[in-house]
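Undergrad: What follows is a single structure, and I will ask about it in a moment.
The values are calculated or read from the model by the stated rules, or taken from the named source; none is laboratory data. It should be emphasised that the depicted structure is a prediction, and the values quoted were computed from it without experimental measurement. Positions of Cβ are generated from backbone atoms using ideal geometry, with glycine treated the same way; all protein chains shown enter the neighbour counts. To get the accessible areas, we keep the full protein, side chains included, count just its heavy atoms, and leave off ligands, DNA and RNA. Shrake-Rupley method; radii C 1.70, N 1.55, O 1.52, S 1.80 Å.
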Amino acid sequence: MSSTLHDASLVAENTDVIQQIDPLFDVLSSTVPYRSDLVRLAAGTLAAVRLPSHLPAEWCAELVRALDDCEFDTYDERRIFPPVTKLGPAVFDYYLDHAIRAEYWEHAEQSRRTWKRIVGDNDPLDTLISELRLIWQGPVEAATVGGRELFVGMVRELTGGARMHFDELMREFPGVVDQELVAQFGFNCYISVPEEGGELVVYRRRWKPSDERERIGYGWSERIAADEPRVMVKPGVGDSVWFDSRNFHSITPNTAGRRLSIAFFCGVTPENKLVLWS
Ligand SMILES: O=C(O)CCC(=O)C(=O)O
Ligand SMILES: [Fe+2]
């Protein structure tokens, strides 16, 4: 046996070599993200893109005050427990047998009216989407089902954190939206952040069938991603963050202060369109 081989086997026996650092799995923070940054997200060579102060802090504070008078609902508690409060319907809650239940459209209409009443003519969602159009340099539209536009822009409050999970419409609910999707991003613009906790953790790990052994309710045990590189993003007020939601991700619990975000998903289509839904 050559000494090189011998040395190599010694290393293998005595050390725990775990690739924890991946230069192509990093968080890019930029006030002017480029289209190429989102393309990298889609390609898997970037973990997250953060746009600091996407919405001015005063605007966020005003919005949070206005939301105080507004009644939130929760995700279907049979699916997500402990409950997560939100304003607006999630496609996730209304999926049934390859279709979206009829009540979805009613909930969507009602939430659009409530949102309009809260924001008036000064709609932060319009600002976020207009800027996304500039970044993407291509069409950005609501995803559709049977030609009808899905609801975009739920407000979500996470307090006790969120279990590790992934979001991938084409895998979870194939064939529901009219568009074909080749990648999916989670988007959150944080309008209120807690003093401590509430970090978004994105693992460099996608779901695979054998993970089902480690399923816990709506999520998975963090054991399955324990050896993988990960990034942690602690958002500030008004920051926006995009990440590949097909990667496992979790949110750490928070202490004092509320954690509220304007949340939607962005799907990349083969025609270079970004389609949105919540
Ligand atoms: O609130 C966050 O930071 C991310 C929440 C989440 O799971 C998602 O947007 O898919
Ligand atoms: Fe998620």
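Undergrad: Would you kindly derive the ³J(HN,Hα) couplings of region 99-108 from the backbone phi angles with the Karplus curve 6.51 cos²θ - 1.76 cosθ + 1.60 (θ = phi - 60°), listing them in order in whole Hz, with x for Gly and Pro?
TA: So the Karplus estimates, Gly and Pro as x, are 8, 9, 4, 4, 5, 3, 5, 5, 4, 4 Hz.
Undergrad: Pop a pseudo-label 7 angstrom from the Cα along the beta-carbon direction at both A226 and R171 and give the gap in nm to one decimal.
TA: Each label point lies 7 Å from its Cα, and together they span 2.2 nm.
Undergrad: Right, next: Can you tell me the orientation of helix 124-136 relative to the chain, as the angle in degrees between its alpha-carbon axis and the longest Cα principal axis, to the nearest 10?
TA: 50
Undergrad: Here's a follow-up. Tell me which lysines have Cα within less than 22 Å of K116's Cα, excluding those fewer than 8 residues away on the same chain?
TA: K86
Undergrad: Using only Cα atoms, locate the centre of region 213-259 and the centre of region 54-107, then give the distance between them in Å, rounded to an integer.
TA: Going from one Cα centre to the other spans 19 Å.
Undergrad: Could you calculate the FRET efficiency of S210 with T114 from 1/(1 + (r/R0)^6), where r is the beta carbon distance between them and R0 is 51 Å, rounded to 0.05?
TA: Here the calculated transfer efficiency is 0.75.
Undergrad: Further, regarding this structure: Return the carbon/sulfur percentage of the accessible area of the chain, one whole number, probe 1.4 Å, all protein chains in place.
TA: 52
Undergrad: Determine which aspartates and glutamates satisfy two conditions relative to K273: a Cα distance under 18 Å, and not lying fewer than 8 residues away in the same chain.
TA: Excluding near neighbours in sequence, the set is D37, D126, E131, E141, E149, E168, D178, E180, D244.
Undergrad: Divide, for region 99-257, the radius of gyration over alpha carbons by 2.2 N^0.38 Å, where N is the residue count.
TA: For region 99-257, the normalised Cα radius of gyration comes out at 1.13.
Undergrad: Using Cα-only point scatterers and the Debye equation, what is log10 of I(q)/I(0) for region 93-158 at each q in 0.25 Å⁻¹, rounded to two decimals?
TA: So the normalised log intensities are -1.20.
Undergrad: Right, next: Set the Förster radius R0 to 41 Å, insert the Cβ-Cβ distance between S130 and I21 as r into 1/(1 + (r/R0)^6), and round the FRET efficiency to 0.05.
TA: Computed FRET efficiency for S130 and I21: 0.65.
Undergrad: May I ask you to list the residues of region 59-87 whose amide nitrogen lies under 20 Å from a point 7 Å from Cα along the Cα→beta-carbon direction of E149?
TA: 87
Undergrad: Now a separate question. Convert each backbone phi in region 68-78 into a coupling constant with the Karplus relation 6.51 cos²θ - 1.76 cosθ + 1.60 (shift: θ = phi - 60°), then list the ³J(HN,Hα) values in order as whole Hz, x for Gly and Pro.
TA: These are the phi-based 3J(HN,Hα) values: 4, 8, 10, 7, 8, 10, 10, 4, 3, 5, 6 Hz.
Undergrad: Hey, another quick one. Using amide H atoms built in the peptide plane, which far-off residues or other-chain residues are under 5 Å from M154 H to H?
TA: Answer set, sorted by chain and number: A263.
Undergrad: Taking loop as defined by DSSP and a crowding limit of 15 other beta carbons within 10 Å, which GluC sites (Glu not before Pro) in region 43-115 fit?
TA: For GluC sites (Glu not before Pro) across region 43-115 that sit outside H, G, I, E and B with at most 15 neighbouring Cβ atoms in 10 Å, the list reads E71, E77.
Undergrad: Give me, ordered by chain and number, the residues 5 or more places off R259 or on other chains with an amide H under 5 Å from its own placed amide H.
TA: L158
Undergrad: While we're looking at this one, here's another question. When N is the residue count of the chain, what does its C-alpha Rg come to as a fraction of 2.2 N^0.38 Å?
TA: Cα Rg divided by the expected 2.2 N^0.38 Å: 1.07.
Undergrad: Could you work out the relative contact order of region 42-111, using alpha carbon pairs under 8 angstrom and six or more residues apart, expressed as a whole percent? Each step should come with its number before you reach the end.
TA: Working: 37 pairs, mean separation 13.2, N = 70.
After rounding, I find 19 percent.
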